[in-house]
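The structure appears below as structure tokens.
The values are calculated or read from the model by the stated rules, or taken from the named source; none is laboratory data. Just so it is clear, the structure is predicted and the values come from calculations on it, not from any experiment. Backbone-built Cβ (ideal geometry, glycine too); neighbour counts: all protein chains shown.
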Amino acid sequence: MAEGGQLVDHRNDRDVVLSLRDVRTQFGDHVIHDRLDFDMFRGEVVGLVGGSGTGKSVLLRTIIGLNPARHGQIEILGMNTRHLHGKAERSLQAHLGVQFQDGALFSSLTVAENIMVPIREHAGLDEEDMRCIAALKIALVGLPADTGEKKPSELSGGMRKRASLARALALDPELLFLDEPTAGLDPIGATHYDELVRDLQRNLGLSVLMVTHDLDSLYAVCDRVAVLLDKRVVVGTIDELLAYGHPWVLEYFRGPRGRAAASGQERKAAFNGK
Amino acid sequence: MSSAPTFKYVEQGGASVLEAAGNWTVFSLRSLGRRHRHWHRTKVSTPQRRPQLIDITRVDHLDTAGVLELLHLAGGGQDADVRAREEGQADLFRVVQSHGVETPPEPHVDWLSHFLAEVGHGVLHIYRQIIALCAFFGETLVVAAGALTQPKRFRPAAIVRQMYDVWVKALVIVGVLCFLIGVVIAYQGVQQLRQFGAETFTVEAVGIGIFRELGVLLTAIIVAGRSGSAFTAQIGTMQVNQEVDAMRAMGLNPIEWLVLPRILALVISMPLLVFWGDMAGLLGGAVACSVYLDFTFVQFFARLRDTVGIWHFYTGMIKAPVFGMIIAAIGCFEGLQVRGSAESVGQLTTRSVVESIFFVIVLDAVFSIIFLLSGV
């Protein structure tokens, strides 16, 4: 049984942007997570991993409020989500950005209109300003300027992911949630995407929680990794997790793919060091 | 926390400087006021007056939208310098500056050319649609003809499953609506014919009306709304999920697997439903006559047998399988036209219902002419 929680305190006087205390989620009698304790600090990128069926996406949905937790508290940006209703809830949601797995762009709107939806709803700027902001976000995520006028169905999978990231960034959220952002991208596209997330995180001062299966992303982008084990969550850097020594974690990071990703990262570090 | 954004232009050492203070985030920008901003933007449109330095040392919160607005207030300011208190804000500023995009032009709409383009697209679309529909009918007939030699390919299990949906589940609604229409016709017949003392002819009005037109048309419209739309939505969703492509890749012909069972199921079910609807309509007429005319059921049905010829019944029943085929074929055809998104499923489902009702009524008119010429 994994004991869970934070392996080493990484707070360093930073704000806590997300905190889960004793959270339990279940569907019917089937308990998915139990006694989850997890903190995320301002400006860090945390990867959320776990075997298939351990409820990574469920946890993400629980945090953003799409799926109620049966027990425990979730605090986002210092606000307890359980007691939020109406206006307070909407204003909290305006400070969160979510990129869903398949983009979830509104298919009847163009990409620019998709980005303008949250701005119109929460900030109420006029049309011209919104178009400017939309164009800026499209440029920030590295899409060509004419993408704004296209419908999501005209984009390739990788472009849809970027467009969906641009929508998630529309209101400059403090906390960004990404659900399998590099799934289905080719290795080059995935590497570019990792760099993009890292750059945006640095430049815009975001805190990012990403569900991912991509070991390269974990090594390249994430400061810490949260692993779902036996319904609990264990959080730490990759080295700390290896030292923790749970067999699933060892197999995950020490398996052939894990080793390849680790050595790739070392080679890259050595190359950059020269 | 929420101090409104303010700014002013000042002269420092001969250079123009834009000084900003307060919160410059996407949520606070609205308080600047649109006209106010616009006026300032135009003021600095000449290069000489454009600020070379943007001073954000007194800005509390800053985000990309705020930077964008500051750059606009500095007249574009791709080359403007920034003086900031925090390194983070300066970084953010430079990121936005380097991705600096010009205001995208207002989407320009020329109404006349837009109208002409829409009409042109519409006409071309109808033309292509007719071609595609003919091709679809052709392919379906070829597959059906091929299946004649191997009856197994008609897939009886799938047909029966579809019949359960389109026939058994529709019985209640068809029965109730036809019953009510029977009541309504009988009531109107009694009211109008009584003026000539001919109220007993209500029986003919109900019998002929229901048998020839109303029973079959009403059933066809209900079936188009409930089964035709379901066919389009089912096949359309499969199309979106690439299930149809998967079928093709496995060497399964979607026409044989999806379309043929649905068409056959509806061709068989429609006459059954129409018969059921006719009976319900007559029952409604009989009930209404017993109330308004003091006709017993025996009198009603005896008069019906004596005065309404069997061909009135046949004409309705002949139309039924044809209507069933056209509704199923259009439903499946539109389902296979779905491309890409969920929106497309909705559009084509609407189109499928509208087109099938349209074709049902057109065919009904054609049948009327045929029956008129052949004298039945």
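Regarding A:ASP179, is this residue charged (D, E, K, R), crowded, with 21+ Cβ neighbours inside 10 Å and within 14 Å of chain B (Cβ to nearest Cβ)?
On the way: charged (D, E, K, R): yes; crowded, with 21+ Cβ neighbours inside 10 Å: yes; within 14 Å of chain B (Cβ to nearest Cβ): no.
No: the conditions fail for A:ASP179.
In this structure, is B:VAL362 among the aliphatic types (A, V, I, L, M), modelled with pLDDT of 95 or more and in contact with a Ser or Thr (Cβ under 6 Å, 6 or more places away or on another chain)? Can you show your working first?
On the way: among the aliphatic types (A, V, I, L, M): yes; modelled with pLDDT of 95 or more: yes; in contact with a Ser or Thr (Cβ under 6 Å, 6 or more places away or on another chain): no.
For B:VAL362, the condition - among the aliphatic types (A, V, I, L, M), modelled with pLDDT of 95 or more and in contact with a Ser or Thr (Cβ under 6 Å, 6 or more places away or on another chain) - is not met.
With respect to A:LEU200, determine if the residue is modelled with pLDDT of 85 or more, part of a helix (DSSP H, G or I) and closer than 29 Å to A:TYR219 by Cα. Steps first, answer last, please.
Details: modelled with pLDDT of 85 or more: no; part of a helix (DSSP H, G or I): yes; closer than 29 Å to A:TYR219 by Cα: yes.
No, not satisfied.
Within the stretch A:107-122, can you find the residues that are surrounded by fewer than 22 Cβ atoms within 10 Å (Cβ to Cβ) and either at the interface with chain B (Cβ under 9 Å from one of its Cβ atoms) or β-branched (Val, Ile, Thr) (or both)?
Within the stretch A:107-122, A:SER107, A:SER108, A:THR110, A:VAL117, A:HIS122 qualify.
Criterion applied to A:GLY142, A:GLY97 was being within 13 Å of chain B (Cβ to nearest Cβ) and within 21 Å of A:LYS56 (Cα to Cα), and the one residue passing it is A:GLY97. Mind checking whether some residue in the stretch B:300-311 is within 39 Å of the chain's Cα centre (by Cα) and surrounded by fewer than 24 Cβ atoms within 10 Å (Cβ to Cβ)? Yes, the stretch B:300-311 has at least one match.
Got a number for residues in the stretch B:80-98 being within 12 Å of another protein chain (Cβ to nearest Cβ) and either closer than 20 Å to B:SER28 by Cα or not hydrophobic (A, V, I, L, M, F, W, C) (or both)? Show your work before the answer.
As a first pass, look at the stretch B:80-98 and keep what is within 12 Å of another protein chain (Cβ to nearest Cβ): B:86-98.
Of the ones still in play, those that are also either closer than 20 Å to B:SER28 by Cα or not hydrophobic (A, V, I, L, M, F, W, C) (or both) are B:86-94, B:96-98.
So the count comes out to 12.
B:GLY324 passes every criterion in (1) away from chain A (no Cβ under 14 Å); (2) at pLDDT below 95 apart from (2).
Of note, A:ALA88 satisfies the criterion of being surrounded by fewer than 16 Cβ atoms within 10 Å (Cβ to Cβ), of a type in the set (A, V, I, L, M) and either more than 7 Å from chain B (Cβ to nearest Cβ) or in a loop (DSSP other than H, G, I, E, B) (or both). B:GLY77 fulfils the conditions (1) within 14 Å of chain A (Cβ to nearest Cβ); (2) at pLDDT 80 or above; (3) surrounded by 19 or more Cβ atoms within 10 Å (Cβ to Cβ) except for a single criterion, (2).
Please verify whether A:LEU59 is buried (at least 20 other Cβ atoms within 10 Å of the Cβ) and touching a Lys or Arg at 6+ places or on another chain (Cβ under 6 Å), treating the condition exactly as stated. Talk me through it step by step, then tell me what you get.
Details: buried (at least 20 other Cβ atoms within 10 Å of the Cβ): yes; touching a Lys or Arg at 6+ places or on another chain (Cβ under 6 Å): no.
For A:LEU59, the condition - buried (at least 20 other Cβ atoms within 10 Å of the Cβ) and touching a Lys or Arg at 6+ places or on another chain (Cβ under 6 Å) - is not met.
Only residues that are of a type in the set (Asp, Glu) and surrounded by fewer than 19 Cβ atoms within 10 Å (Cβ to Cβ) were counted across the stretch A:201-241, and they come to 4.
Of the listed requirements (1) assigned to a strand (DSSP E or B); (2) modelled with pLDDT under 80; (3) not aromatic (Phe, Trp, Tyr), B:SER45 misses just one: (1). Could you tell me whether any residue of the stretch A:188-205 is aliphatic (A, V, I, L, M), touching a residue at least 60 places away in the same chain (Cβ under 8 Å) and within 30 Å of A:SER164 (Cα to Cα)? Checked the stretch A:188-205: at least one residue is aliphatic (A, V, I, L, M), touching a residue at least 60 places away in the same chain (Cβ under 8 Å) and within 30 Å of A:SER164 (Cα to Cα). Being within 22 Å of A:PRO247 (Cβ to Cβ) and either at pLDDT 85 or above or small (Gly, Ala, Ser) (or both) is a condition met by at least one residue of the stretch A:59-68. For B:GLU343, state whether it is of a type in the set (Asp, Glu), without any contact (Cβ under 8 Å) to a residue 40 or more places away in the chain and part of a helix (DSSP H, G or I). For B:GLU343, the condition - of a type in the set (Asp, Glu), without any contact (Cβ under 8 Å) to a residue 40 or more places away in the chain and part of a helix (DSSP H, G or I) - is met. Tell me, yes or no, whether the stretch B:281-293 has at least one residue that is crowded, with 18+ Cβ neighbours inside 10 Å and not in a helix (DSSP H, G or I). Yes: one or more hits.
Can you confirm whether B:ARG351 is assigned to a helix (DSSP H, G or I) and assigned by TED's automatic domain parsing to the domain that holds B:GLN239?
Numbers: assigned to a helix (DSSP H, G or I): yes; assigned by TED's automatic domain parsing to the domain that holds B:GLN239: yes.
Taking the combined requirement at face value, the residue satisfies it.
Scan the stretch A:122-167 for residues that are in contact with a helix residue (DSSP H, G or I) (Cβ under 7 Å, 6 or more places away or on another chain), under 16 Å from B:HIS99 (Cβ atoms), assigned to a helix (DSSP H, G or I) and not hydrophobic (A, V, I, L, M, F, W, C) and the total you get is 4.
For the stretch A:109-122, check the following and say yes or no: at least one residue is at pLDDT 85 or above and acidic (Asp, Glu). For the stretch A:109-122, residues at pLDDT 85 or above and acidic (Asp, Glu): present.
Specify which of the listed residues (A:LEU171, A:LEU125) is surrounded by 24 or more Cβ atoms within 10 Å (Cβ to Cβ) and within 8 Å of chain B (Cβ to nearest Cβ).
Details: A:LEU125 fails: surrounded by 24 or more Cβ atoms within 10 Å (Cβ to Cβ).
Checking each option against the conditions leaves just A:LEU171.
As for the stretch A:228-237, it holds at least one residue that is in a loop (DSSP other than H, G, I, E, B), away from chain B (no Cβ under 14 Å) and either among the hydrophobic types (A, V, I, L, M, F, W, C) or over 19 Å from A:GLY51 (Cβ atoms) (or both).
Scan the stretch B:354-376 residue by residue and report those that are in a helix (DSSP H, G or I) and touching a residue at least 60 places away in the same chain (Cβ under 8 Å). Passing the criteria: B:SER356, B:ILE357, B:VAL360, B:ILE361, B:ASP364. Against the conditions (1) closer than 26 Å to A:TYR252 by Cα; (2) buried (at least 17 other Cβ atoms within 10 Å of the Cβ); (3) out of contact with any Cys (no Cβ under 6 Å at 6 or more places or on another chain); (4) modelled with pLDDT of 80 or more, A:GLY4 satisfies every one except (4).
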